[in-house]
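Remarks on the structure that follows.
What follows is calculated from the coordinates using simple rules that are stated; it is not laboratory data. Everything quoted here is computed from the prediction, not taken from an experiment. Cβ atoms come from the backbone with ideal geometry, glycine included; neighbour counts cover every protein chain shown.
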Amino acid sequence: MKSKKSTEEVLIFKEKGITLSRGHLSFMYVLITWPVIYLLCFVTRPEWIVNYNGYLLRFEGGSGVANASSNPSFSNTILSDNGRENILWISFLFALLAGLLVYILVGYY
């Protein structure tokens, strides 16, 4: 696809003084997709995001303890601060990626 060669910002929506540019649109996509991706990661808890340090093994401290139990029936589902922080940052990076894709796609539109 060829992009439009323009020196002005592309306005997506303009009515009665309200303007929405592609920068605004991509920022809105970041703000909308960040909690959605966070909730998706929080519910599914993929191992590559949370890892074994992301779960609490005991309630005495606020930091995570490595879960090295070989018992397959052991189900530890309480996230530590480290696990929640990993989910927060990974979801933020994916939301920024979604915003960047929207910004690029609208630039070619």
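Tabulated data for the structure shown
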{"read-out": "Sorted by Cβ neighbour density within 10 Å, fewest at the top, the residues Phe42, Phe27", "value": "Phe27, Phe42"}
{"read-out": "Proxy reagent accessibility, fewest Cβ within 10 Å first, across Val106, Val36, Val43", "value": "Val43, Val36, Val106"}
